[in-house]
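Input: a single structure, listed below in structure tokens.
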Amino acid sequence: MSFTVAIVGRPNVGKSTLFNRLVGKKLALVDDTPGVTRDRRPGDAKLVDLKFRIIDTAGLEQSAPDSLQGRMWAQTEQAIDEADLSLFVIDAKAGLTPADETLAEMLRRRGKPVIVVANKSEARGSDGGFYDAFTLGLGEPCPISAEHGQGMLDLRDAIVAALGEDRAFPPAEDVAETDVDIRPTGAGEDEEAEPAYDETKPLRVAIVGRPNAGKSTLINRFLGEDRLLTGPEAGITRDSISVEWDWRGRTIKMFDTAGMRRKAKVQEKLEKLSVADALRAIRFAETVVIVFDATIPFEKQDLQIVDLVLREGRAAVLAFNKWDLVENWQTVLADLREKTERLLPQARGIRAVPISGHTGYGLDRLMQAIIETDKVWNRRISTARLNRWLESQQVQHPPPAVSGRRLKLKYMTQVKARPPGFMISCTRPEAVPESYIRYLINGLRNDFDMPGVPIRVHFRASDNPYESKARKRR
């Protein structure tokens, strides 16, 4: 992107609504409650012919540095320092407040270009707030309505005037032919050869878990900076925030998510929105790390989150966080391994790593477990190997007889990966018992080394070449 823009302002003036308008998606949570946004959220924005990087920030409220509001203020100041331009959003309907004047003074001290954006200008009585904005001394305000999309052309002109056309419209860079991927989507998926795993492809990882399990602290330790808001308070994270970093030359895109409590406890509208955002992050990710609190592991909600991730078909890795607080770690580790095998039979062999987001212990092992799990999740097995395996399985344990008639499994092939899915042609597919399906799935895990990922096995009836002739005789 050519330049970076930060959206700043006091709480509940419409910053996240403007952010969603500029990125063209409902990425940021929006609610009438002040202070919904806490972490700074980046996005790729487009405004008419302008393309730039935009950062949504928390509403600025002066408070003690150690408080939650003080830490939110520090995050917003970092966004202002990163940006080339700040959009200072005010509520034209409510008019100026002392907090607006304090923010204006802080922006003036930064010495960077600032555009005063008078939001909610479509409302009755907004003219007074618009004209009051001139007293801030930051230039002519730009009246807009972020919710209805009014004034976007004026905002575009104001950005170009503040940065200059050379900065707003940089010359296009030539793209080398080798950098362009012209392969069609899904090419080669039906080939018999088992494709090699692409070690260079970017990997999307979602971090989920109960509130206060240490998810944001873990991501900050990976990044080596205080990128995400953390603290002793439970439920700090609300939006699903994505961050990118490199691990051994590979791009990793991680999603920090809100803590997920039991459904019966989620009553407030804002928490429901946060959990829905976390569920979208799980569906978008490839590998999901479920963070457990090692001091109180395997709560009922932990198991439900793991089951949810597996039902969504994602590759799952367990991270037992706060390992630095555990005493007698050898005994605790043996107990955790036993409980993992016993309580999560649907994910037999799932990788579990003890870590500490606070000290950085075990993070390399966690990343290695993520990569290994993703390899299994993407694995494809040739049809010839599968049919040889199916024949041997039937010899060891023949399919049961249902209503006096033996089931026949004739043919097997892998129809998809991510997660691995298999189709078996057989007689009377509806009669295959669940116990035999579990036998086949466990055999696939053991014989083809596919631990810890969901495996789908479907059955279909084979075509009867004489069926059409029988109908004609009737």
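Miscellaneous remarks
- Exposure proxy order (Cβ contacts within 10 Å, fewest to most) of Lys253, Lys322: Lys253, Lys322
- With both residues required to sit in the stretch 203-377, DSSP beta bridges show an antiparallel share near 25%.
- Dipole size of the chain about its Cα centre, with +1 on Lys/Arg Cβ and -1 on Asp/Glu Cβ: approximately 3180 debye, rounded to the nearest 20.
- If R0 is taken as 51 Å, the Cβ-Cβ distance between Thr102 and Ser425 corresponds to a FRET efficiency of 0.10.
- If R0 is 35 Å, the Cβ-Cβ spacing of Gln394 and Gln368 corresponds to a FRET efficiency of close to 0.45.
- Helix-only [θ]222 nm of the chain, DSSP H runs n ≥ 4, -39500 (n - 2.57) each, per residue, nearest 500: -10500 deg cm²/dmol
- Counting only DSSP beta bridges whose two residues both lie in the stretch 359-471, roughly 55 percent are antiparallel.
- Whole-angstrom gap from the stretch 227-254 to the stretch 330-391, using each part's C-alpha centre: 22 Å
- Residue order, fewest to most surrounding Cβ atoms within 10 angstrom, among Glu82, Glu286: Glu82, Glu286
- Here the simple spin-label model places points 7 Å from the Cα toward Cβ, and for Tyr361 and Lys26 these points are separated by 4.4 nm.
- Model label sites at Glu225 and Arg406, defined 7 Å from Cα along the beta-carbon direction, differ in position by 6.7 nm.
- In plain terms, the residue of Val395, Val332, Val13, Val116 with the fewest other Cβ atoms within 10 Å comes first and the most crowded comes last, giving Val395, Val332, Val116, Val13.
- Arg250/Lys416 FRET efficiency (R0 22 Å; Cβ-Cβ; nearest 0.05): 0.40
- Rough spin-label spacing in nm, given labels placed 7 Å along Cα→Cβ, for Asn446 and Arg337: 1.9 nm
- Here the relative contact order of the stretch 200-275, from alpha carbon pairs under 8 Å that lie six or more residues apart, stands at 39 percent.
- DSSP beta bridges confined to the stretch 36-126 are antiparallel in about 55 percent of cases.
- Within the stretch 252-318: Cβ-based charge dipole about Cα centre, in debye rounded to nearest 20 (Lys, Arg +1; Asp, Glu -1): 280 debye
- When only the Cβ of Lys, Arg, Asp and Glu is charged (+1, +1, -1, -1), the dipole of the stretch 4-168 relative to its Cα centre reaches about 380 debye.
- Among the listed options (i) 27.6, 92; (ii) 24.6, 87; (iii) 22.2, 69, the one matching Rg and Dmax of the Cα atoms in Å as calculated from these coordinates is (i).
None of the figures in this text is laboratory data; all of them are computed from the coordinates on show. A quick note: this is a predicted structure, and the numbers were derived from the prediction, not measured. When we count neighbours, we look across all protein chains shown, and the Cβ atoms used for this are built from the backbone with ideal geometry, even at glycine.
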